[in-house]
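Chemist: Before we start, here is the structure in question, set down as structure tokens.
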Amino acid sequence: MSGVSPTTPTDPPVVQISGLYKSFGTVDVLKGIDLTVREREVVCVIGPSGSGKSTLLRCVNLLERPTQGVVELLGIDVTDPDVDIDRVRTHVGMVFQSFNLFAHHTVMGNLILAQRKVLKRSKAEAEEVAWANLRQVGLEDRATFYPAELSGGQQQRAAIARALSMNPALMLFDEPTSALDPELVGDVLAVMRDLALGGMTMLVVTHEMAFARDVSDRVVFMDDGVIVEEGPAAQVIGSPSTDRARIFLKRVLDPTHIDDSEIGETEPDEPAD
Amino acid sequence: MPTDPNSPALLATRPRMSPRKKAKISQAAQYGVLAIVIVLALKAMDWDKLRTQMFNVNVIASMLDALPRAFANTLLYTICAFAVGLSLGMVLALMKMSSVGPYRWLATAYAEFFRGIPALLVVLSIGFLIPILFGIKLPNMTVKIGIALGLVSAAYVSETLRAGLQAVPRGQVEAARSLGLSQSQAMRSVVVPQAFRIVLPPLTNELILITKDTSFVYLLGLATSEYELTKLGTNALNQASGGLTGVVVVGLVYLIITLPLGHLARRMEKKNARQR
Ligand SMILES: Nc1ncnc2c1ncn2[C@@H]1O[C@H](COP(=O)(O)OP(=O)(O)OP(=O)(O)O)[C@@H](O)[C@H]1O
Ligand SMILES: [Mg+2]
């Protein structure tokens, strides 16, 4: 059960992170991360809440400034203060847990805004790109809708289309399905799977183990600000070699654990005595 | 036969008024009181007095000539004060969000000060004190009242604008930045348009308050050409046997301005609620 797009060590790296530290005040969140993602590679990051997964992703496109270390994107060290970070960011798409579609624009407006303002594309050109991406995520019939008029799954797919409209070399996903109703998760994952099959380079933080297993070339297990385990999905998810990974995966995968949480949700309805 | 006094069967058979019936009786009583009050008021009212003292045709006729001018002046003073309040309020809002401490303190102190004193005092100070203290002669009444009410309004407007800007979720800026927009582009294309919608209803309400506060201008002593609605109305009180007709007339004219604005503000609020 290997990834969908086998890569070789000779593929050029899209992201190369070395010795990355990040602290907020006195709290050390990332404590020395080394990670390389090569062209066409899909890397999934898993790990418990608070382990620094989001922070790692946000350091890649400099939504957070690394405290120490180097992040090279397409061969450019983005931590260099002289780098035009706005320029670099156009090559990196980011998809957020909470969608973050622009509330005052329609879906089409969302997809063309940055194309027009940043890439200086003409309206016609930007819309053509937008339509192609809306088709890809199955939302051609929602172009004139406002975000508030869409389901969570539709909003997330629109957000993916918005990121794709900038023709990024790399897509970052931060728990893209965590805010969705269970029945809407599949649509979003299907879009991401198609993207992976199409050869997009992806760095994905997710709790969807089936997706990580079936789609990713590599799985990275993070805990407490460091990468604890890294390797093919079958190895990291199937037979983890560290206790920390085993405990985490048991909690995520164990069906009795899922049952527990479901009982927990219905508990308030039952008599307390 | 159940012995537990709280058992459902017993509760159901215990005679008591249903909540629905109770609500109906209470409502009927309220209508009854209202009807009695209205009937008594109508009976007690002297209808002839009402006509001569509040809707005196002669007084109304005498006011008609000057009314358009006064109406226009009220609007002019309002717009001028609002323009000052909005511009200064915007500067103060940016100061409040500045990373430079003294800017924040100054803006906060300003807002506290002008929200804490009566607008009437500010109008008097600007109208009389400033010219005396600084030897500046403010060119005309529009400028005087515009500055005075604008200074007060800016205190409120700055708070409204700051709250509006900060009400736009951080994720909106992060999404914009992650697409390559610069900080200022994100501000202009994403934050300000959304904040604008949030602040439009409260700003409309501020406009209503200013419209009413322009009445303070009469304190500064007005030439006939500078009369606004309140001055016109109170002047008409001096007419023999006209009663309150003057203030009734201008009161109605104020409502012609303020009611539609209030309606507009509420409609925008509802629309915003739907879009979120
Ligand atoms: N802006 C910030 N200021 C202070 N602390 C922060 C900030 N952002 C993150 N942290 C802290 O960093 C730690 C890691 O956060 P992060 O969001 O990266 O975790 P995560 O692995 O993504 O968790 P989750 O699965 O819950 O999303 C947390 O303890 C968090 O409180
Ligand atoms: Mg996170």
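Chemist: Would you confirm, using the coordinates I've provided, whether B:Met187 is open to solvent by 30 Å² or more (accessible area, probe 1.4 Å) and more than 14 Å from every other protein chain (Cβ to nearest Cβ)?
Modeler: Criteria not met by B:Met187.
Chemist: Restricting attention to region A:38-53, report how many residues are assigned to a loop (DSSP other than H, G, I, E, B), near ligand 1 (Cβ under 9 Å from one of its atoms) and closer than 18 Å to A:Gln235 by Cβ.
Modeler: The qualifying residues number 1.
Chemist: Kindly indicate the residue of region A:63-84 that is within 14 Å of ligand 1 (Cβ to nearest atom) and within 14 Å of another protein chain (Cβ to nearest Cβ) and also farthest from B:Val173 (Cα to Cα) among those meeting that condition.
Modeler: For region A:63-84, the residue satisfying everything is A:Arg65.
Chemist: Also, quick follow-up: Within region A:85-108, count every residue that is open to solvent by 20 Å² or more (accessible area, probe 1.4 Å), facing chain B (nearest Cβ under 7 Å) and in contact (Cβ under 8 Å) with a residue 60 or more places away in the chain.
Modeler: Matching residues across region A:85-108 total 1.
Chemist: What is the residue count in region A:163-213 for residues that are over 14 Å from A:Ile46 (Cβ atoms), outside any strand (DSSP E or B) and away from ligand 2 (no atom under 16 Å from the Cβ)?
Modeler: Count: 28.
Chemist: Could I ask something else about it? Hey, does region B:122-139 have a residue that's at pLDDT 90 or above and of a type in the set (Val, Ile, Thr)?
Modeler: yes
Chemist: Collect the residues in region A:54-69 that are in a helix (DSSP H, G or I) and either within 11 Å of ligand 2 (Cβ to nearest atom) or open to solvent by 30 Å² or more (accessible area, probe 1.4 Å) (or both), keeping them in residue-number order.
Modeler: A:Ser54, A:Thr55, A:Leu56, A:Leu57, A:Arg58
Chemist: Mind listing whichever residues of region B:87-99 are assigned to a helix (DSSP H, G or I), surrounded by fewer than 19 Cβ atoms within 10 Å (Cβ to Cβ) and of a type in the set (A, V, I, L, M)?
Modeler: Pass one, region B:87-99, residues assigned to a helix (DSSP H, G or I): B:87-96.
Right, trim to surrounded by fewer than 19 Cβ atoms within 10 Å (Cβ to Cβ) and you get B:87, B:90-91, B:94.
If the condition is that a residue be assigned to a helix (DSSP H, G or I), surrounded by fewer than 19 Cβ atoms within 10 Å (Cβ to Cβ) and of a type in the set (A, V, I, L, M), then B:Met90, B:Val91, B:Leu94 are the ones that fit.
Chemist: Turning to a different aspect of this structure: For region B:133-171, what are the residues that are under 31 Å from the mean Cα position of the chain (by Cα) and at the interface with chain A (Cβ under 10 Å from one of its Cβ atoms)?
Modeler: Across region B:133-171, the qualifying residues are B:Val168, B:Pro169, B:Arg170.
Chemist: Only one residue in B:Gly164, B:Gly150 is closer than 23 Å to B:Ala273 by Cα and open to solvent by less than 10 Å² (accessible area, probe 1.4 Å). Which one?
Modeler: It is B:Gly164.
Chemist: On the given criteria, is A:Ala196 open to solvent by less than 20 Å² (accessible area, probe 1.4 Å), in contact with a helix residue (DSSP H, G or I) (Cβ under 9 Å, 6 or more places away or on another chain) and closer than 20 Å to A:Thr106 by Cα?
Modeler: No; evaluated as a whole, the condition is false for this residue.
Chemist: Follow-up question, since we're still on this one. On the given criteria, is B:Ala236 free of Cβ contacts under 8 Å to residues at least 40 places away in the same chain, aliphatic (A, V, I, L, M) and open to solvent by less than 50 Å² (accessible area, probe 1.4 Å)?
Modeler: No; evaluated as a whole, the condition is false for this residue.
The values are calculated or read from the model by the stated rules, or taken from the named source; none is laboratory data. This is a predicted model, so every value here is computed, not measured. A quick note on method: Cβ atoms are made from the backbone with ideal geometry, for glycine too, and the neighbour counts reach across all protein chains shown. Accessible surface is based on the protein model in full, side chains and every heavy atom, while ligands, DNA and RNA are left aside. Shrake-Rupley method; radii C 1.70, N 1.55, O 1.52, S 1.80 Å.
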